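Accompanying notes for the structure given below.
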Amino acid sequence: MTINIGVIGTGAIAREHIRRCSTVLQNARVVALNDINRDNCQQIVNELTPEARIYDNALDLINDPLVNAVLVTSWGPTHEAFVLACIEAGKAVFCEKPLAVTAQGCMNIVEAEIQAGRQLVQVGFMRPYDSGYRALKAVIDSGEIGEPLMLHCAHRNPEVGDSYTTDMAITDTLIHELDVLRWLLNDDYASVQVIFPRKTRKASSHLRDPQIVLLETAKGARIDVEIFVNCEYGYDIQCEVVGERGVARLPEPVSVQTRSAAKLSTTILTDWKKRFIDAYDVELQAFINNVISGEMTGPSAWDGYAAAVAADACVAAQTSGEIVPVKMSVKPAFYR
Ligand SMILES: NC(=O)c1ccc[n+]([C@@H]2O[C@H](COP(=O)([O-])OP(=O)(O)OC[C@H]3O[C@@H](n4cnc5c(N)ncnc54)[C@H](O)[C@@H]3O)[C@@H](O)[C@H]2O)c1
Ligand SMILES: O[C@H]1[C@H](O)[C@@H](O)[C@H](O)[C@@H](O)[C@H]1O
């Protein structure tokens, strides 16, 4: 069986996902494209999917019976409306993070999905599909290091554009940790705080960079996450879990060690597309398989909501400087 996929928003990540649908993954083909900038679609047709049809209206794409499933890869603020339209049309939808830009927006999706009576949404949180994070979780779950007490994490980008704002450090960047750390610890967040170290001279005038986010979980674990999006040297994701009996670290990406010119060195990646390239393949293949089997697995609308509630609290904490409680609704039985 081949799933016919429609893609809304044909920018950087869409191009990656369309390439993987065409050349790496099984049982899927991209048949429909929509973007507010039609030229972006045309470029994809010229370079990757000659047979895909371009739609001027996203709702026409969603409602076309030819389209079995939808990828929403447009800008974050547009996600909620497109995902709701997919649920209304009864179509499975893979939505890039964030599911919606506010917790209320995510809750609207959760409620629509429950109303529809079946899970249709997978959120594009790829880290739970990463072999490194999976290996780290296996060590934690084995009990080898005892109960997790503290986590030290870092999310570093080499640089960001001028349109990147202080709150995006949370909603666009930390959101990955907010998802993956809940999954890793099987825990939820209780409170958050954000502190601002000395600012790098590389950041634009309106951006506070770096930032340190302090999270406390419901079970009492303490997490610090450094967000540093103009670190210059590379795309670097770190996660160390300190348990009662030992410490476990996220493995570094495979890189050949060289000895040359009186130096021992390994390369650090600089591009997010490469750091999680295998995880993106696995998450999207899982989505395609889920569409075929009719049963959604992986990051759900509820996971999108949980990350968004914590993100809202972090954004409030950026302004207030206070410790802000994370107040989640009770998880509906639908998502158990
Ligand atoms: N999972 C990840 O690691 C990861 C990585 C990169 C981006 N993302 C997410 O993917 C989404 C897209 O990011 P990107 O880097 O590809 O951005 P981008 O700017 O390269 O592409 C976004 C595209 O969406 C189009 N668009 C905007 N509004 C639209 C609308 N109303 N209807 C149709 N098309 C519309 C734009 O014209 C653009 O072509 C964001 O939500 C981002 O957070 C996720
Ligand atoms: O949209 C990107 C993407 O999600 C990357 O994984 C993250 O490292 C960046 O900070 C973010 O801007």
What's the magnitude of the charge dipole for the chain around its Cα centre, counting Lys and Arg as +1 and Asp and Glu as -1 at the beta-carbon? Answer in Debye, nearest 20. 620 debye
Length released on extending from Trp75 to Thr319, taking residue separation times 0.36 nm less the Cα-Cα span: 85.4 nm
What's the local net charge at Ser204, with K and R +1, D and E -1, over the other residues with C-beta under 13 Å away? +1
The relative contact order of the chain, taking Cα pairs under 8 Å that sit 6 or more residues apart, comes to a percentage of 20 percent
Of the residues Asn108, Tyr133, Thr165, the Cα lying farthest along the dipole of the range 79-204 towards its positive end, which is defined by charges on the beta carbon of Lys, Arg, Asp and Glu, belongs to Thr165
Step through the table entries Lys202/Lys263; Lys91/Lys331; Lys137/Lys199, compare each Cα-Cα distance with 31 Å, and write down the pairs that go over it. Lys137/Lys199
Under the rule of -39500 (n - 2.57) per DSSP H run of 4 or more residues, summed and divided by the residues of the chain, what mean residue ellipticity at 222 nm is obtained, to the nearest 500 deg cm²/dmol? -10500 deg cm²/dmol
With contacts defined as alpha carbon pairs under 8 Å and 6 or more residues apart, what's the relative contact order of the range 1-144 in percent? 20 percent
With the calculation restricted to Cα positions, what are the radius of gyration and Dmax of the chain in angstrom? 20.2, 64
From the Cα centre of the range 259-336 to that of the range 80-126, the distance in Å is 16 Å
If I take every Cα pair under 8 Å that is 6 or more residues apart in the range 1-86, average their sequence separation and divide by the length, what percent do I get for the relative contact order? 37 percent
Residues with beta-carbon under 14 Å from that of Ala85, excluding Ala85: net charge, scoring Lys, Arg +1 and Asp, Glu -1? -4
What is the sum of charges around Asn108, taking Lys and Arg as +1, Asp and Glu as -1, for the other residues whose C-beta is under 13 Å from the C-beta of Asn108? -4
Protection proxy ranking, peptides 122-129, 90-97, average beta carbon neighbours within 10 Å, highest first: 122-129, 90-97
Quickly rank 327-333, 168-174, 1-7, 59-65 as a protection proxy: mean count of other C-beta atoms within 10 Å, highest first. 168-174, 1-7, 59-65, 327-333
Compare the peptides 250-256, 38-44 by average per-residue count of other Cβ atoms within 10 angstrom and give them in order, highest first. 38-44, 250-256
Taking Cα centroids, how far is the range 130-208 from the range 5-45 in Å? 29 Å
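Here, each number is a calculation from the coordinates, and none is a lab measurement. This structure is a prediction, so every number in the text was calculated from the model and none was measured. No Cβ is skipped: glycine too gets one built from the backbone with ideal geometry, and neighbour counts run over all protein chains shown.
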